[in-house]
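Shown next, in structure tokens, is the structure this report addresses.
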Amino acid sequence: MTILEEKEKTESLSKENTEEENSLKNENSEKKSQAVEEITLEDKLKAAEEKALRIMAEMENQRRRFEKERNEAFEYGGYNFAKETVSLLDNVERAISSFKNDESLKQKMDLAKIISGIEIVNKDLVSIFKKNGIEQIECINKKFDPNFHQAMLEVENNEKDPGTVFQEIQKGYMMKDRLLRPSLVAVTKKKEEKVDKITKDDGKSNKNDEKN
């Protein structure tokens, strides 16, 4: 074999090795590319699934909010109207009380009929309120509750526990489970013991006795 032939054979082997190396590189590159594509596709599917779940959850929340608002609109649609109307009931009750306590009207023959007519109107109003879920708050002798009562003054009283509703100044009302108007009330507190004053009075009395 001549030098030229050996050189050609060497170049041929080198070329084959190079081609094999390039072929291996291409295969590895293709495998990597396929792996990247598979990972990317999986991530996209996962992201799309998460997005779909978020959209479904948001739609469910919106449905629940709409349902709640619809129910509240049905149950409390007349809330503002009822809040203004309870003052009408106050005025009717004041009118009855005023007629009954007016000495100049007691001598009139038709007074009883007038009062009876107003009382019928009052009962009808109370009945209409109850049919619509509006009822008076019972507060006398109840423990003061800031959720339903508004304290206007304190009354000294040792017969009842402190913080007991002693007097109702203005009636309060509930519309189902919602406060329409709080009761204006007077609340009890303990009487202050005037020990110092009694002691001073006793001291003065003793001094006067010694002088005498």
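Does residue 124 qualify as being outside any loop (DSSP other than H, G, I, E, B), free of Cβ contacts under 8 Å to residues at least 60 places away in the same chain and either in contact with a Gly (Cβ under 7 Å, 6 or more places away or on another chain) or among the charged types (D, E, K, R) (or both)? Yes, satisfied.
Inclusion of residue 153 among residues that are of a type outside the set (Val, Ile, Thr) and within 24 Å of residue 186 (Cβ to Cβ) is warranted.
Condition check ((1) polar (S, T, N, Q); (2) in a strand (DSSP E or B); (3) touching a strand residue (DSSP E or B) at 6+ places or on another chain (Cβ under 8 Å)) across all residues:
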{"residue": "135", "(1), (2), (3)": "no, yes, yes"}
{"residue": "141", "(1), (2), (3)": "yes, no, yes"}
{"residue": "152", "(1), (2), (3)": "no, yes, yes"}
{"residue": "158", "(1), (2), (3)": "yes, no, no"}
{"residue": "161", "(1), (2), (3)": "no, no, yes"}
{"residue": "167", "(1), (2), (3)": "yes, yes, yes"}
{"residue": "174", "(1), (2), (3)": "no, yes, yes"}
{"residue": "187", "(1), (2), (3)": "no, yes, yes"}
{"residue": "191", "(1), (2), (3)": "no, no, yes"}
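Residues of region 168-202 that are aliphatic (A, V, I, L, M) and either at pLDDT 90 or above or surrounded by 12 or more Cβ atoms within 10 Å (Cβ to Cβ) (or both): 169, 174, 175, 179, 180, 184, 185, 186, 187.
The values are calculated or read from the model by the stated rules, or taken from the named source; none is laboratory data. Quantities reported herein were computed from a predicted structural model and do not represent experimental measurements. Because the Cβ atoms are built from the backbone with ideal geometry, glycine has one as well, and the counts that use them run over all protein chains shown.
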